[in-house]
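Some notes on the structure that comes next.
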Amino acid sequence: ISSAVRFDDWNEVEVMVVAAGNAADVVVFMGPNQVTRRKSSLATRGIIGDVLLCSRPGRGAVRDLFVETSVRRKRLVLQFDLNEPPPAGTPVSVIARLYPRHGKVAEKVFRQTLVYSTGKRLRCDWGWGNPRLWDYRRPNLYRLELTVQTPETKDVFVETIGFREFWIEGKSFYLNGRKFRLRPEYNMGYQANNELVAEGMIRGLLAAGFNCLEFWPNDHDKRGYAEAAARELWVRKADELGLPVIASAMDMAHLVETWHRPGVKENWLKVMKRDLKRYWNHPSVIMWVHSGNRFGHRDDQNPLRIGRKAPNEFRRADRNIAEEACRLIRGVDPTRPVMSHECGPVGAVYTLNNYLCMTPLQEREEWLSHWAKHGDMPYMAVEFGLPLDSTLSRGRNGGHRAGVDEMFPTEYPAIYLGEKAYRMESTTLRKNMCHLETAIAERKRKGGAPAWHWNTRILTADDEDMTAYQALLELFIRNTWRSWRTMGITGGMVPWGIARLGWRSFSHIEKAAWGPDIPFRPGQRGMYYRKIRKTYLYYMQKKGNKRELPAGRTIKAVNRETLAWITGAPNQWVAKDHHFESGRELTKQVALLNDLNDSVAWTYTVILKVANHVIARRKANGSISPGETLLRAFTFRLPQVEKKTPAELILQATIGPHSHSDRFSLRIYPPLERYTGSPVALFDPVGDTARLLASAAIPYRPVKTIKPDLKILIIGRNALCHAYPQGDLQDFVRRGGRLLIQQHRPQWIRDNWGLRVSHHVARRVWPLATCSMHPILNGLDGDDLRDWNGAGTLVPSHDTTLRDPQGDAPSVYNHGWHWGNRGSVSSAMIEKPHFSGWIPLLEGDFDLAFSPLMEWRLGRGRVILNMLDMEGRTAHEPMVSRLLTRIIHHLAKELPAMPSSPVRLAALGGPPMQQWLRQAGITVVDPQNANLVLAEGDRISTAKIKAFLQQGVSVILTAPSRPVFSDQRLIPVTGRFTGWPRNKLPGWCRGISASELHLRYDLKANNLAGPQTTILGDGLLTLTPSGGAQSGHLWSLAVAPWQLPVTEESFLRFSRWRLSSLLSRILANENFPFTGDLK
């Protein structure tokens, strides 16, 4: 504006701002095949950044100064241009004085005389042997005063710089000559263009263990984009506090389709250069990132692809454009690596939006094992699902669509918490769930557009913690961070959403949410706020009016500069083997990680406690370099025990100034009691089960034909995939035979039995509480049935065939890639059959809806379906032989007598009940011919119920409206699972699960209760004996599946599904014969 200025006089500057957004629609890239468009809008109006008045010389002024510092070469290089430069051949005198940031005495002075050459930048190159380095948490800054003089002009240019160097070798990052492993976080707040906000959030990130901050690579050139103005302020604060930054270069994702049109690339290059020059001298900026979510593909999370350039020939045209953009950015600044956010191998770093969702935790922990051995470039999970709360939605059909889907905040955590997940469900969460489902249905009816995280915001309202989800996050964060850091991940993981998933505002003290009044300081940069929320002033801290949740506590514990924990044995340190035979050797390791700036000393002590008594100790010490990981093995001899005995390893460690502790639970098993029964018959054309029986010392005789003298017949693993024994299996069981069917391949079961089988390998299953006294399960718990030693071999250990990224591979993409069987308990978890007489003994997976061990009575015999990974394990697991022996002993026992006549069901209800019965394939009889009655409460009189019971006919009553007996009363029911009764559960409720006593919303209903009543859940199901050995039982179900208004409220379909399962289990306990089982 020089030509308009009147010198030595007052001047008034007027700025006209056109408040108009970009004309074109905005393209939003969420990831592969998740691209949406929305109408362009103006986010802000007016002046959106600082207005600076600068006075510079007209001629000979320094411009476009670029500072390059090299720790390896010990050099300081300055490159710059001059405004209105002198003629060619003119001598140019350069003096560079470097002061400590707040110092008055120059620490170093460099001088050099250059000769100006037309069209070339001036370049000074000086050696500097011992500068104070700018580093992580060591923000040594210099004030550079650059004096440039020609015979005609003189200029003094001042710049704040830091001496540091960042580079990549192979898959490792280096900062100032040492390995530097990133622990990054995404900058959720740089849109706040305020110095105090930037400083408070950066200090909070450092306190939480993060050592790197990635800026979102947005289009900084679009109109009204206020966040662009904040970047300089944030990197300046990062300079001052010692936090490395991955800064955003100009986005070009929206230009890919037009990249080769005349002027498109050239215009982007011009804008990108101008943008980069604004902050290319900030020492905190260690890398550039551009064009988020544009260049990934559907197979980029495949473990075989991660961190490798070679096998990633995908979208070649797009990839060539992306690589060209990286080269152009690198051409402007050759000192910093360039990457793209969620781009696979584009650029210098392999980056992913790594959302593994509910991929089994053990496989998630080992996801980088191939990269650790064969990777040739750094890997960074620029978005890492912890899992993200959107994972809990029903559809998970893209980020935006997940925002208006119903949520499963209890059912998914049940995979890892068992029935504890249902007991953890709070009243507030259930209330929010009801509000959410109603709001979703209303939004869909009105055709409302999806909104990102819309449903999870409702779920977490009213200060609700989603407790089971928090427990899931705690487990996943701890295990994944430990494993991936120990495996050597160099780019780290951005824990997406951790700020809201790990901390929650104290909503009840809103007045304390604001900091004190802030006076305005003339000359301050950024926006001015009179008050700022403590959330930003004390980010991720209690002082910030924040309550730390389990996820927040865990991320701070495992994201520190140092880490120590108990791992598995050498060559299998990711294993969780915790079952051991008495008297054997136990070998584990201690993992020690150092991400401090310096080498430090370490020590550790490991204590072995057995039955709460200290047995032995192991100690060690040494030193560890920056960026180094050590694995130190230790061994204990376990004592002899006479019964199953709990044990524990306790670690106390120090690494430099930091202390660490860890605990690892074990179980020691006594010698196995030898099987003393008669030999069993075995049909096993494959031979896997024969080897299993031999290892367990159980005698057997091979058979091909079912003969009358057989008592116990075992069908070996995968036997029926090849052949069937000669004879009638149904007739064998009906006549009193005992049949054990071992594992078969999941796809074979789907194809031949028509059953649904989980696509994930289970590492955790639980005995049903209603079957806890079963002879097979008596005395067992979830710890006996999780993370077994070695791996199962029923299914291939890996299913990650490199696939055409443009093609469809539903079997892979619908359920994720399969990455190992380590720790498997069952590789063929069968969904508990609906409308079936099978009684599940063990349960697991989503909503505990699957079982690896079920029992079925048929005639005078029984069948056990065993889908546990027993045969062919890669290591000895003590529970295998013990469970197998129990199963065979149980089969050998005499069975209680079945009813003399088959169970015949009468149904007293309206058309919805009749429709449900037809769907279930259930045939009913007239009441006078029935010995079991299913009745709606308003369809049967109290007198009729009593009459049935006195005749020995059990009654299943739904939606009762009045007591049946004089000592009964109606109790309110919500459908929330609150636990099991303290007294022993009656034998006629076998196989009923907590998940079936849990509804997804608060029911307003009543049910029967009395002095003799067993109440299950919070009263959803009650059982009342009517008295007398020959009398029937009164089952009372507060609501039947057909009584839920699923047409009006579609989200109730899932509760109807679970109620159908519950009612089927009731019928099975009454020995009702489901015809579908015979198929």
Looking only at the stretch 128-159, and only at residues there that are among the β-branched types (Val, Ile, Thr) and surrounded by fewer than 17 Cβ atoms within 10 Å (Cβ to Cβ), the one that is nearest to residue 207 (Cα to Cα): 158
Test: residue in the stretch 1048-1064 that is over 30 Å from residue 967 (Cβ atoms) and part of a loop (DSSP other than H, G, I, E, B): yes
Members of the stretch 521-576 that are of a type in the set (Asp, Glu) and in contact with a helix residue (DSSP H, G or I) (Cβ under 9 Å, 6 or more places away or on another chain): 548
Checklist (1) under 30 Å from residue 568 (Cα atoms); (2) modelled with pLDDT under 95 applied to residue 363, failing item: (2)
Some residue of the stretch 665-677 being of a type in the set (Phe, Trp, Tyr), in a loop (DSSP other than H, G, I, E, B) and in contact with a helix residue (DSSP H, G or I) (Cβ under 9 Å, 6 or more places away or on another chain): yes
Residue match in the stretch 203-220 (condition: among the aromatic types (Phe, Trp, Tyr), buried (at least 22 other Cβ atoms within 10 Å of the Cβ) and outside any loop (DSSP other than H, G, I, E, B)): no
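Results for (1) touching a helix residue (DSSP H, G or I) at 6+ places or on another chain (Cβ under 6 Å); (2) free of Cβ contacts under 8 Å to residues at least 40 places away in the same chain; (3) more than 30 Å from residue 790 (Cα to Cα), shown as yes or no for each residue.
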| site | (1), (2), (3) |
| --- | --- |
| 878 | no, no, no |
| 889 | no, no, no |
| 897 | no, yes, yes |
| 909 | yes, no, yes |
| 932 | no, no, yes |
| 945 | no, no, yes |
Verdict on residue 877 being acidic (Asp, Glu) and modelled with pLDDT under 95: no
Residue satisfying all of: in the stretch 984-1012; more than 38 Å from the chain's Cα centre (by Cα) and surrounded by fewer than 22 Cβ atoms within 10 Å (Cβ to Cβ); farthest from residue 777 (Cα to Cα) among these: 1006
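Let's see how each residue does on (1) surrounded by fewer than 17 Cβ atoms within 10 Å (Cβ to Cβ); (2) over 15 Å from residue 148 (Cα atoms); (3) not small (Gly, Ala, Ser):
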| residue | (1), (2), (3) |
| --- | --- |
| 27 | yes, yes, yes |
| 31 | no, yes, no |
| 40 | yes, yes, no |
| 54 | yes, yes, yes |
| 58 | yes, no, no |
| 66 | no, no, yes |
| 84 | yes, no, yes |
Number of the exception - residue 692 against (1) over 18 Å from residue 1077 (Cα atoms); (2) free of Cβ contacts under 8 Å to residues at least 40 places away in the same chain: (2)
Filter result for residue 1029 (modelled with pLDDT of 90 or more and of a type in the set (A, V, I, L, M, F, W, C)): no
Single residue of the stretch 270-295 satisfying the filter (assigned to a strand (DSSP E or B) and free of Cβ contacts under 8 Å to residues at least 60 places away in the same chain) that is nearest to residue 37 (Cα to Cα): 288
Members of the stretch 86-104 that are more than 53 Å from the chain's Cα centre (by Cα) and under 18 Å from residue 147 (Cβ atoms): 86, 90, 91, 92, 93, 94, 95
Condition check for residue 800: β-branched (Val, Ile, Thr) and either at pLDDT below 95 or buried (at least 22 other Cβ atoms within 10 Å of the Cβ) (or both): yes
Top-ranked residue in the stretch 740-798 [being touching a residue at least 24 places away in the same chain (Cβ under 8 Å) and of a type in the set (Phe, Trp, Tyr); ranked as nearest to residue 1076 (Cα to Cα)]: 748
Those residues of the stretch 645-691 which are of a type in the set (Asp, Glu), more than 19 Å from residue 871 (Cα to Cα) and surrounded by 14 or more Cβ atoms within 10 Å (Cβ to Cβ), in sequence order: 648, 662
Hits in the stretch 139-156 - residues which are over 17 Å from residue 102 (Cα atoms) and part of a strand (DSSP E or B): 147, 148, 149, 154, 155, 156
Test for residue 966: is it touching a residue at least 12 places away in the same chain (Cβ under 8 Å), surrounded by fewer than 22 Cβ atoms within 10 Å (Cβ to Cβ), farther than 24 Å from residue 1061 by Cα and not aromatic (Phe, Trp, Tyr): no
Looking only at the stretch 734-754, and only at residues there that are of a type outside the set (Asp, Glu) and more than 27 Å from residue 892 (Cβ to Cβ), the one that is surrounded by the most Cβ atoms within 10 Å (Cβ to Cβ): 746
Among (1) at pLDDT 75 or above; (2) at negative phi - the single one residue 22 does not satisfy: (1)
Every residue from the stretch 491-502 that is of a type outside the set (A, V, I, L, M) and surrounded by fewer than 24 Cβ atoms within 10 Å (Cβ to Cβ): 496, 497, 500
Top-ranked residue in the stretch 716-731 [being closer than 22 Å to residue 857 by Cβ and hydrophobic (A, V, I, L, M, F, W, C); ranked as modelled with the lowest pLDDT]: 729
Cβ pairs under 8 Å, 6+ apart, first in the stretch 664-677 and among the acidic types (Asp, Glu), second outside any strand (DSSP E or B): 673/885
Criterion violated by residue 35 - all others in (1) more than 30 Å from residue 300 (Cβ to Cβ); (2) among the aliphatic types (A, V, I, L, M); (3) surrounded by fewer than 17 Cβ atoms within 10 Å (Cβ to Cβ) satisfied: (1)
Residue list for the stretch 29-52, filter: modelled with pLDDT under 75 and either more than 30 Å from residue 344 (Cβ to Cβ) or not hydroxyl-bearing (Ser, Thr, Tyr) (or both): 30, 31, 32, 33, 34, 35, 37, 38, 43
Residue within the stretch 608-615 that is of a type outside the set (Lys, Arg), closer than 30 Å to residue 229 by Cα and loosely packed, with under 15 Cβ neighbours inside 10 Å present: no
The stretch 68-82 - residue that is surrounded by fewer than 17 Cβ atoms within 10 Å (Cβ to Cβ) and more than 46 Å from the chain's Cα centre (by Cα) and, of those, nearest to residue 285 (Cα to Cα): 79
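The values are calculated or read from the model by the stated rules, or taken from the named source; none is laboratory data. Since we're looking at a predicted model, the values are computed, not measured. All Cβ positions, glycine included, derive from the backbone under ideal geometry; neighbour counts span all protein chains shown.
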